[in-house]
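In what follows, a structure is listed as structure tokens, so that the remarks can point back to it.
The values are calculated or read from the model by the stated rules, or taken from the named source; none is laboratory data. All values reported here derive from a predicted model rather than from experimental measurement. Don't worry about glycine lacking a Cβ; one is built from the backbone with ideal geometry, like all the others, and counts go over all protein chains shown. The protein model used for the area step is the full one, side chains on, heavy atoms only, and it has no ligands, DNA or RNA in it. Shrake-Rupley method; radii C 1.70, N 1.55, O 1.52, S 1.80 Å.
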Amino acid sequence: MIPGFGITFGFTVFYLSAVILIPLAALLLRPWELGVSGVWAAVSEPRVAASLRLSFGAALIAAAINAVFGLLVAWVLVRYRFAGKRVVDALVDLPFALPTAVAGIALTTLYAPGGWIGQFLDPLGVKVAYTPIGVVVALTFIGLPFVVRSVQPVLADLEREFEEAAATLGATRLQVFRRVIFPAILPAWLTGVALAFARAVGEYGSVIFIAGNIPLVSEIAPLLIVTKLEQYDYAGAAAVGSAMLVISFAMLLVINALQAWARARG
Amino acid sequence: MALEIDGVTKRFGTVEAVRNVSLTVQTGEFMALLGPSGSGKTTLLRVVGGLDLPDAGTLRFDGQDLTDVPARERRVGFVFQHYALFRHMTVAQNVAFGLDVRPAAKRPPRKEIARRVDALLARMQLDGLGKRYPTQLSGGQRQRVALARALAIEPRILLLDEPFGALDAKVRKDLRQWLRALHDETKLTTIMVTHDQDEALALADRVAVMNEGQIEQVGAPDVLRRNPASPFVRDFLSEGEGI
Amino acid sequence: MSARTTRRPLRGPTDDGPIVRWILIALGVGYISLFLLSPLIAVFVEALRNGVEASLVAIVEEDALSAVWLTLTVAAIAVPLNTLFGLAAAWSIAKFEFKGKAVLTTLIDLPFSVSPVISGLVYVLLFGAQGYLGPWLDELGIKVIFTVTGLVLATVFVTFPFVARELIPLMQEQGVAEEEAAISLGASGWRTFWRVTLPNVRWGLLYGVLLCNARAMGEFGAVSVVSGHIRGLTNTMPLHVEILYNEYNFAAAFTVASLLALLALVTLVLKSVLEWRYGDEIAATHRH
């Protein structure tokens, strides 16, 4: 029998409780000093409601963009050979490694009216920086690796025999993708999209610089929490935080279910 | 004459998996490609199926040049060693696949597809299993689903890659007799790849013994037994009888 | 002899045609360039806009240096803490069977799905002036919020799962046979861990520590909430970038940012090297 279960298990549970669970419980307890109606009022106040709508809406759009292009990038990285492929592959993880504040100021500089990219969009009448579109851009950046890294290993492990079988049965390349390859990578793809979405909902650092933070227009929910804290409205901040947390938990359950589905299919 | 393989060579990098192989398979014949692993038999089968492209040589089928025809237009029924059944489709959907993917103008009506699938499943002794998923079947059942799927497109030739390789000995024997009976009934031109001498000799009308990318000898089972053309053929065939 | 058909399938049935391939590669590389490469280049271009000398001045400045020092200090405390936790959690989860294992594993991953701002908020609610424990700690003369302690706590929260989630699947995959063999030969549990388990997971451990460190040094949202932005005292590098940027001191902001971007690049290179060279010895999800 291997020793050490008591001490390692004890330490794990203690550390987890002290650092994560008890503080989170403190968050979930705090809003109720406002009473049930007070919590509802705090969460449904127009500025809060608008910020929650923006955080979830922009995260959804960004996840959708990454759903398409993340799959495409994963496909290109697994199936084709081209110069610089290893660099591209390594670069995919940049949003994991680059501090969000750095990403935030860099994206703002690029998309500001006179910036490298902004100068081309300006004549078209498209404003990105300091608008909700800027929020989507930042969240797309932050969510990019999730879909690629979820799909990539599954696609790489997919036996070519399935495609060959489909080809001998008369399927075109497009039919093979739609009816054979895509269903096989569907659970991994959905997991990646859900992860990208969950990450984007709570994102702060990369967004606040490019968003402009105009109340009711381009103010995200995490920023509103910070604003409320600065005004010493602890209960209000906790109410918004709890609302976000509950929705994140729901997302986590969805992701776990997706992963269980993927395992069952494997 | 059904299939003519003429001077086919296939390289992988610097390795010649198949070297200048010529072979003719008659209409309605059951041909076995027999040889040890690495002898090039599976590669040759894949070239015939259009899955690997030959570096040299031609293929003709009933006089039509097949060399340049892509796999999906060849109408070959290919049964893979590990079956390659689509895991997310039911048995019936697997069998119907080749009919479903036809362009609208050539696709049979939905009811006709269902009827043909049912008929094929019945013939494969798989009645009532149409709604199951491949993971819910035994090895022998999967094997027959793969066969049904390949036959559904009414192939001009049937290609079997180690069809019994993944099955245990008892199931193997049963399926072997059943497959021969099926062939006698359909008279479908068939090429089977195997490394098992007993299997090849028991099932096939003629056997092509392969070694190091080349065919050592082609002939009926009793011809091979009586007059092996080379020490390799003699040794390879006698191995099976010893066991 | 029949007439040869004119079609020539130059590719196998599972290969895409050159046009499809070319378009998809262009789209993929274009997408990566637009969203990932261009911000990265922008950081360095903006940092060097006024010349290398101006950049150096921005870094050698007192507040910037103390921000660098504070970032290193926070990472030097938070990363070892989470490494210790990761080893303990992986040992208990991978080598033993117990009820509630799946729940425990899910809870360990929890911080990944929590907004960084919330990761800071929870400590303000516990230890802040109006927090549950704040007034009580205040009487004892202990301050957490607006101090280095708060920064460390917030950083520990956001980097909590990194080491554990690398080690758990890796140790599970390796099973217990080697440990049992060592124990049966008379080795102590501690010695078995050092001589058998640790060498087996060393690259996976390094991988987790690397990612943990990158996030610890770069974290912004969580530390922003607990820091109070006191210059020279509770300002980490990412927070210093924000202050400089909001003061319209763009050159200095991007200079400090470029240091952080360099850290990110070093992390990516080391990570790629680990994946290429030791792919089999780190968790299954990172094998390419």
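Results, tabulated for the structure shown:
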read-out: The one condition in (1) more than 10 Å from every other protein chain (Cβ to nearest Cβ); (2) in a helix (DSSP H, G or I); (3) without any contact (Cβ under 8 Å) to a residue 12 or more places away in the chain that A:Ile185 fails to fulfil; value: (3)
read-out: Condition met for A:Ile2 (in a helix (DSSP H, G or I), within 30 Å of C:Leu185 (Cβ to Cβ), more than 25 Å from the chain's Cα centre (by Cα) and modelled with pLDDT under 95); value: no
read-out: Residues (of a type outside the set (Asp, Glu), within 18 Å of the chain's Cα centre (by Cα) and within 17 Å of C:Leu210 (Cβ to Cβ)) located in the stretch A:84-117; value: A:Leu91, A:Val92, A:Leu94, A:Pro95, A:Phe96, A:Ala97, A:Leu98, A:Pro99
read-out: Residue match in the stretch C:91-101 (condition: among the aromatic types (Phe, Trp, Tyr), under 28 Å from A:Ala62 (Cβ atoms) and open to solvent by less than 70 Å² (accessible area, probe 1.4 Å)); value: no
read-out: Residues that are open to solvent by 30 Å² or more (accessible area, probe 1.4 Å), more than 9 Å from chain C (Cβ to nearest Cβ) and not basic (Lys, Arg), drawn from the stretch A:254-265; value: A:Val254, A:Ala257, A:Gln259, A:Ala260, A:Trp261, A:Ala262, A:Ala264
read-out: Residue within the stretch C:106-121 that is among the hydroxyl-bearing types (Ser, Thr, Tyr), in contact (Cβ under 8 Å) with a residue 40 or more places away in the chain and open to solvent by less than 20 Å² (accessible area, probe 1.4 Å) present; value: yes
read-out: Unmet criterion (only one of (1) open to solvent by less than 50 Å² (accessible area, probe 1.4 Å); (2) in a helix (DSSP H, G or I)) for A:Ser218; value: (2)
read-out: Cβ pairs under 6 Å, 6+ apart, first in the stretch C:1-22 and within 14 Å of chain A (Cβ to nearest Cβ) and part of a helix (DSSP H, G or I), second modelled with pLDDT of 80 or more and open to solvent by less than 90 Å² (accessible area, probe 1.4 Å); value: C:Arg21/A:Tyr80
read-out: Boolean, A:Leu195 is in contact with a helix residue (DSSP H, G or I) (Cβ under 6 Å, 6 or more places away or on another chain), of a type outside the set (S, T, N, Q) and open to solvent by 50 Å² or more (accessible area, probe 1.4 Å); value: yes
read-out: Residue under evaluation A:Tyr204, criteria (1) farther than 22 Å from A:Phe69 by Cβ; (2) touching an Asp or Glu at 6+ places or on another chain (Cβ under 8 Å); (3) not small (Gly, Ala, Ser), criterion not met; value: (2)
read-out: Members of the stretch B:172-188 that are open to solvent by less than 50 Å² (accessible area, probe 1.4 Å) and without any contact (Cβ under 8 Å) to a residue 60 or more places away in the chain; value: B:Arg172, B:Leu175, B:Arg176, B:Trp178, B:Leu179, B:Leu182
read-out: Hits in the stretch C:131-148 (condition: open to solvent by 70 Å² or more (accessible area, probe 1.4 Å) and either part of a helix (DSSP H, G or I) or in contact with a strand residue (DSSP E or B) (Cβ under 9 Å, 6 or more places away or on another chain) (or both)); value: C:Trp136, C:Asp138, C:Glu139
read-out: Any hit, the stretch A:29-49, residues being in contact with a Leu (Cβ under 7 Å, 6 or more places away or on another chain), open to solvent by 50 Å² or more (accessible area, probe 1.4 Å) and more than 7 Å from chain C (Cβ to nearest Cβ); value: yes
